[in-house]
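Participant: Before I ask anything, here is the structure I am working with.
The values are calculated or read from the model by the stated rules, or taken from the named source; none is laboratory data. For clarity, every value in this text was computed on a predicted model and none was experimentally measured. Backbone-built Cβ (ideal geometry, glycine too); neighbour counts: all protein chains shown.
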Amino acid sequence: MWDIRAFSPLDLTALVFFVAAWVGYSLAVQRRRGDRLSLSQIMNRQRRNWAAQMIARDNRVVDTTINASLQNGTAFFASTSLIALGSVLTLSRSGDDVLNLFSALPFGSATTRATWEIKVAGLAVVFVYAFFKFAWAYRLFNYGAILIGAVPPKGSGAPEDVMRRAAERAGAMNVAAGSHFAKGQRAFLFALAYLGWFVSAPVLMLATGSVVFVMWRRQFASPIRAALLAEEDHHGQ
C-alpha cells in the first residue's frame with residue numbers, strides 16, 4: 001500500500017514545486033498579451049494566415065502536404081510516448097540494485113521500495129498524459145485535413161464570406177491541434193526534469209527550474225521569436 005507519509009517534507013515540497021512550475025508555465029505561455037506574446041501564439045497567427053491563403057490557391061496540394069507532415073510528426077511522438085511508458089513500467093520492476101545505484105549518485109538520497117514505486121508511477125502518469133495529448137492532436141490534424149478539403153475551391157462560385165469562414169474553421173482546427181501537440185512536447189520536457197526526483201528532491205527542483213528557464217527563453221527570448229515579430233512589424237508598416 002502506498003503511503004504519502006513515506007516522503008519527507010522536502011520531497012513533498014519539491015513535488016509541489018514541480019507541479020506548480022508546470023501549471024504556471026503553461027498558463028503564462030497561453031495568456032501573455034501585447035509585446036509579450038509567446039512563440040506559440042505568434043505561430044498560431046501564422047497558422048491562421050496559412051488557412052487564409054488557401055482561398056487564393058487553385059489547388060490544395062501544398063496545404064494537404066503541410067497538414068500531412070504535421071500529422072506524421074504527431075504520430076511519431078505518440079508512438080514514442082508508448083515506448084517511454086513501456087520503459088517506465090519495466091523500471092517499476094527494478095530491484096534493490098537500482099535503488100542503491102541512485103542513492104550512490106552525487107546528491108543522491110536513500111530511497112525505499114515504496115517511495116520508488118510512487119515515483120515511477122508519477123513518471124508513468126506524465127507519459128500517459130503526453131500520449132493522450134499527442135493522440136488527440138493527431139485526430140485534430142485529421143479533422144483539419146477534412147476541413148481543408150471542405151474549403152470551396154477558387155472559381156467555384158461560392159460566396160467569398162462562405163470561403164473565408166471555411167478557411168477560418170480549418171485554421172482554428174490547426175491551432176487547436178498545435179496546442180495539444182505543444183502540451184505533449186511540454187510533458188516530455190517536464191518528464192526529463194522529473195527524473196531528477198529519482199536522485200533527490202533538490203535535484204528535482206533544480207532540474208525543474210532549468211527546464212522552465214530553457215522553455216521560457218525559447219518562447220519569449222529566442223532569435224526565432226524576434227525574427228517573426230520583426231517580419232510582422234515590417235508587413236504592418
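Participant: Out of the residues in the stretch 132-149 that are in contact with a helix residue (DSSP H, G or I) (Cβ under 6 Å, 6 or more places away or on another chain) and free of Cβ contacts under 8 Å to residues at least 60 places away in the same chain, which is farthest from F188 (Cα to Cα)?
Facilitator: Filtering first and then ranking leaves L147.
Participant: Something else now. When you scan the stretch 1-41, how many residues do you find that are farther than 17 Å from V120 by Cα, more than 16 Å from the chain's Cα centre (by Cα) and at pLDDT 90 or above?
Facilitator: 3
Participant: Give me a count of the residues in the stretch 150-164 that are in contact with a Lys or Arg (Cβ under 9 Å, 6 or more places away or on another chain), small (G, A, S) and in contact (Cβ under 8 Å) with a residue 40 or more places away in the chain.
Facilitator: 0
Participant: Go through (1) within 30 Å of R113 (Cα to Cα); (2) in contact with a Gly (Cβ under 8 Å, 6 or more places away or on another chain); (3) buried (at least 19 other Cβ atoms within 10 Å of the Cβ); (4) not basic (K, R) for F198 and report which single condition fails.
Facilitator: The failed condition is (2).
Participant: Within the stretch 42-82, how many residues are of a type in the set (V, I, T), surrounded by 13 or more Cβ atoms within 10 Å (Cβ to Cβ) and over 20 Å from the mean Cα position of the chain (by Cα)?
Facilitator: 2
Participant: I'm told F131 meets every condition in (1) over 17 Å from S69 (Cα atoms); (2) modelled with pLDDT under 95; (3) assigned to a helix (DSSP H, G or I); (4) hydrophobic (A, V, I, L, M, F, W, C) except one. Can you identify the failing condition by its number?
Facilitator: (2)
Participant: Same structure, new question: Please name all residue pairs, on different chains or six or more residues apart, with Cβ atoms under 7 Å, provided the first residue is in the stretch 165-187 and is among the basic types (K, R) and the second residue is at pLDDT below 95.
Facilitator: Partner pairs satisfying both residue conditions: R169/L147; R186/S26.
Participant: Return the residue satisfying two criteria in turn: it lies in the stretch 204-237 and is surrounded by fewer than 11 Cβ atoms within 10 Å (Cβ to Cβ) and not in a helix (DSSP H, G or I), and of such residues it is modelled with the highest pLDDT.
Facilitator: For the stretch 204-237, the residue satisfying everything is A221.
Participant: Take the residues in the stretch 134-173 that are over 29 Å from the mean Cα position of the chain (by Cα) and in a helix (DSSP H, G or I), then tell me which one is surrounded by the most Cβ atoms within 10 Å (Cβ to Cβ).
Facilitator: Selected residue: M163.
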